[in-house]
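Presented below is the structure to which this report refers.
The values are calculated or read from the model by the stated rules, or taken from the named source; none is laboratory data. These numbers come from a predicted model, not from an experiment. Quick reminder, even Gly has a Cβ in these numbers, built from the backbone with ideal geometry, and neighbours come from all protein chains shown. Calculation scope for accessible area: heavy atoms of the full protein, side chains included, ligands and nucleic acids excluded. Shrake-Rupley method; radii C 1.70, N 1.55, O 1.52, S 1.80 Å.
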Amino acid sequence: MNKKKLKITVLTPEFYNYGAMLIAGILKEAGYDVTLKKGFSQPIHADIVFLSFHSTIHLLKYKHDVENIKAMKVVGGPVSRVPELVFQNLSVDIVMVGEAEGNILKLMAALEDGFNVEKLRLVKGLAFEDAGNIQQTDHGERVSMKRPLPFIPHDISSEDIRGANVYIETHRGCPGSCAFCQVPCFFGREVRSRPHEDVINEVKAFLKAGAKRIAVSGGTGTLYGSNKFRNLDEHAFTHLLKDISSLTRPKNLTIPDIRVDLISPDILEALRNYTNGWVYFGIESGSPRILRSMKKGIKLDDVREAVELARKEGLKIAGSFIVGYPGEEEEDFQATVDLSDELMLDDYFVSIAEPLPGTVLAEEIKKLPDEKNALFQDAEEYKRQGLSLAEERALKLMMDSFVFRSMPVPMTENLFKALLDEVKSQGEHIKTVTPLIKGL
């Protein structure tokens, strides 16, 4: 294949995710003819299509769309953590396992003459089928955090990903060991931070392309610049926030997903001064037993202290909670309800435990009989609505959260219907992907 004549499409199914933009940017800088697409509605004219899938449900949802692509197909993204799962459900040629940036150009060199098994064996971080068997090469080394600018689409300003046009990456890795989280198993437990100036230049590029609202991600935002779990580099983090905020303005900058045990008064002050004034804590459960099962590594007093410190700084506080975790009994759920009531947060996010490929939780779910999984047990009070026990608990906590808030919201028929639809959507999603996980 001639590089100048080779046409490449990088496709992300529902929104322009950061990984897809990054891969497209690397290929573009290397001289390839690259197109970045969102969704399958437009015809694809390419020699190679890179598919960036971030959710297990995509393996089923877009199965027929992928089959209709007449090109060599390469899959990357979080679903690549378990390549067998991809090959079982999609007709694709190659899976790039884990971080693809370090091997993408080596893969392109190996594909110069088409699909050549012997050449593919020499590229690290790949999985492919050969004579009916899945072959997987050695894992590549962790990639450098120096890289080209992402390929930024012209319509980036129209994106709305939880209130932001784009989530940019400041670092990778997390030393935590949360059993439900993909970050440590995908990016590793070592924190690798990007150079300060590279992040700033990237923010400038997104703003120039029309983005207005930017969120900073990396697993746990406050770990930027740190090399140890409990040894935060507060200066690196706050300095970065200040410089980004000077470009975006505080109201347009969000820092989601912060651990309650990885904050300080200086960090909270920086969040108040340089962001939209919200802090998002991963609280997950009010049951010490379930927190231990989740390997969350926090205590309830850590939660209370973090909320109190954030409130003193005048921040608005949101908390995320997980229900239906394996082994969760009624008293565990009630402990979560009681903690939610006690904290009186400004916003609550409630999720049903989802087994993401490669996580400890996924391995637990594989061994758990359906009759012991709350997602497949009948609800007690909302059985007529067709809910499972896990969905019922999610609905109850969502409804209660509107009363628990610092500014209570009355429950209306429309709000109840919206919450019911939300838990049914979550439940259906996880009920669909659970058999995929258990079938491995």
Within straight cross-link reach of K372, meaning Cα distance under 17 Å, which aspartates and glutamates are found once same-chain residues fewer than 8 apart are removed? E328, E329, E330, E331, D332, E354, E363, E364, E380, E391, E392
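With all protein chains present and a 1.4 Å probe, how do M96, M411 order by accessible area, largest first?
Sorted by accessible area, descending: M411, M96.
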Contact order normalised by length for the chain, with contacts defined as Cα pairs under 8 Å and 6 or more residues apart; what percent is it? 11
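Please state the charge dipole magnitude for the chain, taken about the Cα centre, from unit charges on C-beta atoms (+1 on K and R, -1 on D and E), reported in debye and rounded to the nearest 20.
Its charge dipole is roughly 1460 debye.
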Rolling a 1.4 Å sphere over the protein heavy atoms, what is the accessible area per residue of the chain, to the nearest Å²? 44
For the stretch 129-199, what relative contact order do you get, as a whole percent, if you take Cα pairs closer than 8 Å and at least 6 residues apart? 28
Antiparallel %, DSSP beta bridges [both residues in the chain], to 5: 25
Answer with a single label: of (i) 60, 59, 42; (ii) 78, 66, 44; (iii) 64, 52, 40, which was calculated as Cα extents along the principal axes in Å from the structure in view? (iii)
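What percent does the relative contact order of the stretch 274-382 come to when contacts are Cα pairs within less than 8 Å and at least six residues apart?
Relative contact order here is 29 percent.
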For every helix of n ≥ 4 consecutive DSSP H residues, a contribution of -39,500 (n - 2.57) applies; sum these over the chain, divide by its total residues, and give [θ] at 222 nm rounded to the nearest 500 deg cm²/dmol. -11000 deg cm²/dmol
Excluding same-chain residues fewer than 8 positions from K63, which aspartates and glutamates have a Cα within less than 16 Å of its Cα? E14, E84, D93
So if a site counts as exposed when it's one of the GluC sites (Glu not before Pro), its DSSP state isn't H, G, I, E or B, and it has at most 14 other Cβ atoms within 10 Å, what's the longest stretch of the chain without one? 191-328
Identify all lysines with a Cα-Cα distance to K251 below 25 Å; exclude those on the same chain that are fewer than 8 residues away in sequence. K204, K208, K212, K242, K312, K316
So, taking all protein chains as they sit and a 1.4 Å probe, how much accessible area belongs to D421, in Å² rounded to tens? 70
Taking Cα atoms, the helix 389-404 axis meets the longest principal axis of the chain at an angle in degrees (rounded to 10) of 60
So which trypsin sites (Lys or Arg not before Pro) in the stretch 351-401 are both in a DSSP loop and have at most 13 other Cβ atoms within 10 Å of their Cβ? none
Total charge of the residues flanking T238 in space, meaning their Cβ is under 15 Å from its Cβ, with Lys and Arg +1 and Asp and Glu -1, is -4
Take the cross-link list K119/K366; K73/K124; K299/K383 and give me the ones stretching past 25 Å between alpha-carbons. K119/K366; K299/K383
Please report how far the C-alpha centroid of the stretch 285-364 lies from that of the stretch 401-423, rounded to the nearest whole angstrom. 19
Per the 1.4 Å probe, what fraction of the accessible area of the chain, in percent, lies on carbon and sulfur atoms? 49
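Counting Lys +1, Arg +1, Asp -1, Glu -1, what net charge surrounds K38 among other residues with beta carbon under 13 Å of its beta carbon?
Charge balance near K38 sits at -4.
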Prolate/oblate/rounded label for the stretch 72-160 (Cα gyration tensor, a/c 1.5): prolate
